[in-house]
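Participant: Quick one: this structure, given as structure tokens, is what I'll be asking you about.
The values are calculated or read from the model by the stated rules, or taken from the named source; none is laboratory data. Note that this is a predicted model, so its numbers are computed, not measured. When we count neighbours, we look across all protein chains shown, and the Cβ atoms used for this are built from the backbone with ideal geometry, even at glycine. Ligands, DNA and RNA are stripped out before the accessible areas are found, and what is left, the full protein with its side chains, is counted by its heavy atoms. Shrake-Rupley method; radii C 1.70, N 1.55, O 1.52, S 1.80 Å.
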Amino acid sequence: MRIQDWFLTEEERGNRETRLRPWSEGNEVRPLIHGARYFAELAAHLDRLGEDDLLLFADWRGDPDERLTPDGPSVGAAMAQAARRGALVRGLIWRSHLDLLRFSSAENRHLGQEIEDTGGQALLDTRTAVGGSHHQKFVILRHDREPGRDVAFVGGIDLCHSRRDDDSHEGDPQSAPMPGVYGPRPPWHDVQVAIRGPAVADVEQVFCERWEDPAPETRDPLRRLRDHLGRLDDAPALPEPGPPPARAGHHYVQLLRTYPARRHGYPFAPAGERSIAHAYRKVLGRARSLIYLEDQYLWSTDVIEPFARALEREPGLRMIVIVPRHPDQDGWLAGPASLIGRADALRRLLSAGGDRVAIYDLENHRGTPVYVHAKVCVVDDVWAEVGSDNVNLRSWTYDSELSCAVLDEREDPRPPGGALRFARDLRLELMGEHLDLPAGRHDELCDPVAAFDAFARSAERLESWHAGGCSGPRPPGRLRPHPAPRLSGVRKLLALPLYRFAVDPDGRPPSLRRSRGF
């Protein structure tokens, strides 16, 4: 296997100004499935930070009172305690433009203030395209005296309410507002990865590029005054990064990003960056057997097109998609408008792949829908990606995003051949959970056709049980066939402008919007 056949080359990234290297080798990447597992590990690492150690983080939303473990500490308290012990704490938190739409500016301000009060610095960052957001979610911990303990966490899990769920999917006791169909403690499915090795320095570079952006964090004069009074506009220089950590494992890691083509361009991406989109197009051009995708949205026919073309090109290619059954917020913003994009995307996939495409959502063992917030893709059990990006135009062109693509040096010895260990193990762990399949039987899912059929049988049994009034023992599994979104003509007409211009905007330069290229 040639790495450059699956990873983007420096030229293919399409951003000559970044200091990121194309990829690194010798890393150890571990998937942390579910927020409870991630938060517990993060809490343990934060507790060990001491004098002159470094904590850097970027987040879309942060709730300072969110507990990292059932008995605490909270996110804010853990970071503040690290700062009191002498660790250097720096954060970049998105400041929502419109908190009245249930976004996160109030919560993020509280987290930033708690960190500032103990000597750390957290910037409330609006340096995005108008209406865009900083959607990256990562944490870096570097140790002045023990660099072997350096670690970075990258993925889709915010440091906020509703995320601390586990594989039982009973939900986080500290819940965020969600539609009533998800219950008082919305079940939440999510994924992060823990990275050790040289790639930790690459994640740090992503943070440094944003931190050192000379543009003001906000151009609103009233917000600038408020930030100044609250000491939230202080951006002292970061220490010179240390050398990359030593080799820690067998994984190649490529960091992929999205930055919009902002009017006042980023110094590190003057024309924006769309390496996430470029990577998908390259990898899907090689797909032969199975695309496994878990995604929060799955919007936009533009973004779906490379998936559809792969299905049309390869008659033996199958695709499994896991999405949430219901949108994440009540009301006009993410209701009918979001369903338009999903309906169009699903129609295109099904027209391309027919019965080789299967779309499911999840429920817990109580029958409550599970909100799928994960952003994971595995292609042919070779290339795996976990990140903050969704399959929509926002994530591929407009919002800031960060994802981690992984190739393993080691082939997987289990048949069928051609697979790499990390990608196959990640897919099997996710599929095994959705099937309620014991770990000792995960090897039954190695074959893509067998895995595809196992999902279909499990979903059919559970659907039949529901159709029969839920009589008798509930069959194992959590998969439900995802219904095709339906909108009346009037609702679609009213929602279409919102979808096109607000819910899923296009952040490419105008010259690229006329094509399907990214």
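Participant: Give me the pairs: first residue in the range 74-85 and under 15 Å from F39 (Cβ atoms) and at pLDDT 95 or above, second residue open to solvent by 10 Å² or more (accessible area, probe 1.4 Å) and among the basic types (K, R), beta-carbon distance under 6 Å, and six or more apart or on different chains, which are they?
Facilitator: Partner pairs satisfying both residue conditions: S74/R67.
Participant: Give the range 1-28 a look and list any residue that's charged (D, E, K, R) and open to solvent by less than 70 Å² (accessible area, probe 1.4 Å), or say none.
Facilitator: Hits for the range 1-28 are D5, R13, E28.
Participant: Limited to the range 58-85, what total is found for residues that are within 29 Å of A215 (Cα to Cα) and either part of a strand (DSSP E or B) or not basic (K, R) (or both)?
Facilitator: Result for the range 58-85: 12.
Participant: Could you list, in sequence order, the residues of the range 258-301 that are surrounded by fewer than 24 Cβ atoms within 10 Å (Cβ to Cβ) and of a type in the set (K, R)?
Facilitator: R262, R263, R281, K282, R286, R288
Quick grid of which residues meet (1) modelled with pLDDT of 95 or more; (2) touching a His at 6+ places or on another chain (Cβ under 8 Å); (3) among the small types (G, A, S):
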residue: A419; (1), (2), (3): yes, no, yes
residue: G432; (1), (2), (3): yes, yes, yes
residue: L435; (1), (2), (3): yes, no, no
residue: A451; (1), (2), (3): yes, no, yes
residue: R457; (1), (2), (3): yes, no, no
residue: R486; (1), (2), (3): no, no, no
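Participant: Also, quick follow-up: Looking only at the range 40-67, count how many residues are more than 23 Å from D144 (Cβ to Cβ) and surrounded by 22 or more Cβ atoms within 10 Å (Cβ to Cβ).
Facilitator: Of the residues in the range 40-67, 7 are more than 23 Å from D144 (Cβ to Cβ) and surrounded by 22 or more Cβ atoms within 10 Å (Cβ to Cβ).
Participant: For the range 68-93, which residues satisfy the criterion of being closer than 21 Å to Q174 by Cα and crowded, with 16+ Cβ neighbours inside 10 Å?
Facilitator: Listed by number, the residues that qualify are L68, P73, S74, V75, G76, A77, A78, M79, A80, I93.
Participant: Tell me, which residue of the range 99-125 that is among the hydrophobic types (A, V, I, L, M, F, W, C) and at pLDDT 55 or above is surrounded by the fewest Cβ atoms within 10 Å (Cβ to Cβ)?
Facilitator: My answer is A106.
Participant: Contact list please: Cβ distance under 9 Å, first residue in the range 457-486 and on the phi > 0 side of the Ramachandran plot, second residue among the polar types (S, T, N, Q) and at pLDDT 95 or above, pairs at least six apart or on different chains.
Facilitator: The qualifying pairs are G477/S458.
Participant: I'm trying to understand the selection: among the residues of the range 129-149, which are outside any strand (DSSP E or B), touching a strand residue (DSSP E or B) at 6+ places or on another chain (Cβ under 7 Å) and surrounded by fewer than 24 Cβ atoms within 10 Å (Cβ to Cβ)?
Facilitator: If the condition is that a residue be outside any strand (DSSP E or B), touching a strand residue (DSSP E or B) at 6+ places or on another chain (Cβ under 7 Å) and surrounded by fewer than 24 Cβ atoms within 10 Å (Cβ to Cβ), then S133 is the only one that fits.
Participant: Taking only the range 398-455 into account, find how many residues are assigned to a strand (DSSP E or B) and surrounded by 18 or more Cβ atoms within 10 Å (Cβ to Cβ).
Facilitator: So the answer is 10.
Participant: When you go through D344, D355, D330 one by one, which is the residue that is open to solvent by 40 Å² or more (accessible area, probe 1.4 Å), at pLDDT below 95 and farther than 23 Å from W6 by Cβ?
Facilitator: The conditions single out D330.
Participant: Of all the residues that make up the range 221-257, how many are modelled with pLDDT under 85, open to solvent by 30 Å² or more (accessible area, probe 1.4 Å) and more than 22 Å from P270 (Cα to Cα)?
Facilitator: Qualifying residue count, the range 221-257: 12.
Participant: Taking the options L479, L498, name whichever one is surrounded by 12 or more Cβ atoms within 10 Å (Cβ to Cβ), of a type in the set (A, V, I, L, M, F, W, C), at pLDDT below 75 and out of contact with any Lys or Arg (no Cβ under 9 Å at 6 or more places or on another chain).
Facilitator: L498
Participant: Just need a number here: residues in the range 7-57 that are of a type in the set (S, T, Y), in a loop (DSSP other than H, G, I, E, B) and in contact (Cβ under 8 Å) with a residue 60 or more places away in the chain.
Facilitator: Within the range 7-57, residues that are of a type in the set (S, T, Y), in a loop (DSSP other than H, G, I, E, B) and in contact (Cβ under 8 Å) with a residue 60 or more places away in the chain number 1.
Participant: Taking the conditions exactly as written (closer than 25 Å to D447 by Cα, surrounded by fewer than 19 Cβ atoms within 10 Å (Cβ to Cβ) and not hydrophobic (A, V, I, L, M, F, W, C)), does R318 satisfy them or not?
Facilitator: no
Participant: Among residues belonging to the range 161-199 that are of a type in the set (V, I, T) and crowded, with 24+ Cβ neighbours inside 10 Å, point out the one that is farthest from the chain's Cα centre (by Cα).
Facilitator: I195
Participant: Is it fair to say R313 is basic (K, R), at pLDDT 95 or above and either crowded, with 19+ Cβ neighbours inside 10 Å or touching a Cys at 6+ places or on another chain (Cβ under 7 Å) (or both)?
Facilitator: It is false that R313 is basic (K, R), at pLDDT 95 or above and either crowded, with 19+ Cβ neighbours inside 10 Å or touching a Cys at 6+ places or on another chain (Cβ under 7 Å) (or both).
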